[in-house]
Amino acid sequence: MNNKKLRFRVFELRLALLLCASLLCFFSGSSQVKSSIDTTSIRIGEEIRYSISVDADTSSIVTFPEGQSFLPLEVIEFYSIDTTFQQAKIRLIKKYGLTQFDSGKYVIPRQAIKINENVFYTDSLLVEVANVVVDTTKQKMFDIKAPIDVPPVKREWLHYLLWIVLILLVISGIVFLLIQRKKKIGEAKRQLPPYEEALVALQTLDSSEYLKNNQVKDYYSTLTEIVKRYLDREVDEAALESTTDELIDRLKLHKDSGHLDFDQETILKLNRILKRADLIKFAKMQMESHQAQVDRKDIENIINETHEVIPEPTEEELLQDALYQEQFLRKKKKKKRIFILASLVSLILVGYGILSFVFGIQTVKDTVFGNYTKSLSEATWIKSEYGSPAIILETPEVLVREIDTISHAILSKGLEEVFTFGNIQNKLFILVGSSKVSEGQQVNLEAVLEEKLVLLETNGATNLIVKNEPFSTEKGVTGIRAFGEFNIQVADNKFKKEKSDYELLLFAQDGAIQVVLIVNEKDDLFAQKIKERILKSVELEIIKKQ
């Protein structure tokens with residue numbers, strides 16, 4: 001009996017274990033995490049691609065490792081997540097670029113992946129980083145070459161080239177406009193009076209090959225245009241745009257009003273010819289060449305009759321016409337000036353766009369409109385000594401000694417000699433100052449730095465960001481370098497504040513404090529280059545101990 005109970009207990013225990021294993025398999029099967037690397041051996045600095053693959057439900061929230069969690073290996077690239085769908089599940093693949101700059105064997109630690117509220121861990125992986133072998137017996141060794149003085153590149157040719165191209169474009173545009181204007185004036189001068197023009201056009205139609213080639217439609221189109229153009233210039237200025245019925249109605253109105261003494265038969269004859277031409281042009285009606293010649297003769301007679309009935313203009317009409325012509329010419333000249341001006345502006349804009357595309361927008365802008373800091377950076381620089389003990393540096397222009405230091409009270413407090421260039425509210429400001437201290441007096445540069453920064457704020461600097469680090473010149477004089485940015489009110493706009501960068505160098509030798517401050521507009525590339533060049537040139541007169 002006891003054996004039966006024992007066997008039953010063992011069976012229950014096995015059943016429970018089997019059930020737990022099934023549940024574990026179910027939950028682990030719903031979310032599967034795998035990790036892999038593309039290689040297990042690299043050389044120093046090469047990249048390893050580390051991949052984490054997660055299979056989960058589409059509704060699951062998956063969180064991959066972020067930051068430097070792969071130490072001792074360093075993450076150099078976080079790649080985007082690659083997503084694929086497989087029926088009701090989703091596969092997410094996240095890749096990382098890893099590297100190591102020391103040789104040896106390293107273990108990539110287990111990485112934690114959070115799926116909803118559950119945390120899964122990848123396996124740890126072993127990677128070997130090998131040295132780059134250099135055979136010094138085969139690789140020739142050379143001495144360090146002496147420095148070579150490279151003359152500064154002068155870009156004056158680009159300045160002249162841009163101006164030459166722009167001027168040529170403008171001249172070409174002006175010449176083109178003048179040629180077009182001359183062409184239009186010549187055409188206007190060559191235009192005959194309406195009556196003579198109509199007769200010449202009829203003679204030209206007679207010498208055409210329209211009727212010989214059975215091009216009746218083209219013949220009637222030209223014929224009706226001749227008579228309409230004549231009526232448009234001599235009788236009614238809306239004749240060319242009018243249909244046949246509209247034109248006939250307008251001619252009848254001229255007759256009824258007594259403006260022109262048209263013969264009724266002339267109007268009816270013109271109506272028949274125009275309607276016949278409409279049928280030929282739009283209904284493709286066929287017409288014999290004999291009828292076309294008759295219609296051509298009738299059109300000439302209509303033009304002659306109309307010319308005879310047009311009355312001579314009165315003195316009052318001639319005066320009104322002269323006033324109208326004067327106003328018309330005035331308006332025409334105004335339109336012409338506007339057109340020429342608009343054309344010139346368009347040419348300049350097109351030229352500016354072409355040059356900007358070829359040379360760059362900023363280069364063209366600086367060349368055409370000028371750039372103060374660009375001209376400073378390209379000027380002949382001057383190397384000078386300032387104060388005692390001397391601060392030696394290169395600048396675009398010689399710094400001016402400040403007699404009244406109140407005008408530059410930013411750093412003048414506690415300084416005996418101050419030399420400046422520009423103003424703190426301008427694109428570039430340089431200040432060099434120095435003062436002597438009692439022999440043997442210990443100077444706390446940190447305290448001096450705090451004092452100068454406070455004075456900077458009292459003179460308009462807001463939102464001041466400060467970073468500092470040790471600094472030393474090429475001759476080994478050490479000090480403090482403070483740098484950062486602040487907002488400053490623009491000189492010609494009391495409401496606008498621009499961001500400025502600054503560099504502040506402080507030195508303390510036995511018996512002297514020396515200060516160099518450079519402030520430049522943050523987004524001005526040339527001012528930034530000027531500042532960097534000045535900082536590289538800074539040297540100090542070394543005080544010799546007695």
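Points worth noting:
For (1) among the acidic types (D, E); (2) touching a residue at least 60 places away in the same chain (Cβ under 8 Å); (3) assigned to a strand (DSSP E or B), each residue gets a yes or a no:
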position: E450; (1), (2), (3): yes, no, no
position: L455; (1), (2), (3): no, no, no
position: G460; (1), (2), (3): no, no, no
position: E485; (1), (2), (3): yes, no, yes
position: D501; (1), (2), (3): yes, no, yes
position: L505; (1), (2), (3): no, no, yes
position: I518; (1), (2), (3): no, yes, yes
position: Q528; (1), (2), (3): no, no, no
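- Candidate set: region 249-269, residues that are aliphatic (A, V, I, L, M) and out of contact with any Lys or Arg (no Cβ under 9 Å at 6 or more places or on another chain); chosen: the one farthest from N304 (Cα to Cα): L253
- Scanning region 377-387 for residues that are surrounded by 12 or more Cβ atoms within 10 Å (Cβ to Cβ) and either touching a strand residue (DSSP E or B) at 6+ places or on another chain (Cβ under 7 Å) or at pLDDT 85 or above (or both) yields W381, I382, S384, E385, Y386, G387.
- L318 farther than 20 Å from D236 by Cα, modelled with pLDDT under 80 and of a type outside the set (F, W, Y): no
- Positions within region 224-240 being in contact with a helix residue (DSSP H, G or I) (Cβ under 6 Å, 6 or more places away or on another chain), part of a helix (DSSP H, G or I) and closer than 20 Å to K275 by Cα, in sequence order: T224, I226, V227, Y230
- Filter pass, K452 being basic (K, R), surrounded by 17 or more Cβ atoms within 10 Å (Cβ to Cβ), within 39 Å of the chain's Cα centre (by Cα) and at pLDDT 75 or above: no
- Taken as a whole, region 93-116 holds at least one residue that is at positive phi and in contact with a Ser or Thr (Cβ under 8 Å, 6 or more places away or on another chain).
- Residue within region 252-271 that is surrounded by 19 or more Cβ atoms within 10 Å (Cβ to Cβ) and not in a helix (DSSP H, G or I) present: yes
- So E446, is it farther than 21 Å from Y386 by Cα, of a type in the set (D, E), in the same structural domain as V519 (by TED's automatic domain parsing) and at pLDDT 80 or above: yes
- Counting only strands (runs of 3 or more DSSP E) that fall entirely inside region 20-88 and contain at least 3 residues that are at pLDDT 85 or above, the qualifying elements are 32-37, 41-43, 48-57, 74-78.
A quick yes/no check of all residues on (1) at pLDDT 75 or above; (2) buried (at least 19 other Cβ atoms within 10 Å of the Cβ); (3) of a type in the set (G, A, S); (4) outside any helix (DSSP H, G or I):
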{"site": "E397", "(1), (2), (3), (4)": "yes, no, no, yes"}
{"site": "K413", "(1), (2), (3), (4)": "no, no, no, yes"}
{"site": "F419", "(1), (2), (3), (4)": "yes, yes, no, yes"}
{"site": "F429", "(1), (2), (3), (4)": "yes, yes, no, yes"}
{"site": "S438", "(1), (2), (3), (4)": "no, no, yes, yes"}
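The values are calculated or read from the model by the stated rules, or taken from the named source; none is laboratory data. Because the structure is a prediction, the values reported are computed rather than measured. All Cβ positions, glycine included, derive from the backbone under ideal geometry; neighbour counts span all protein chains shown.
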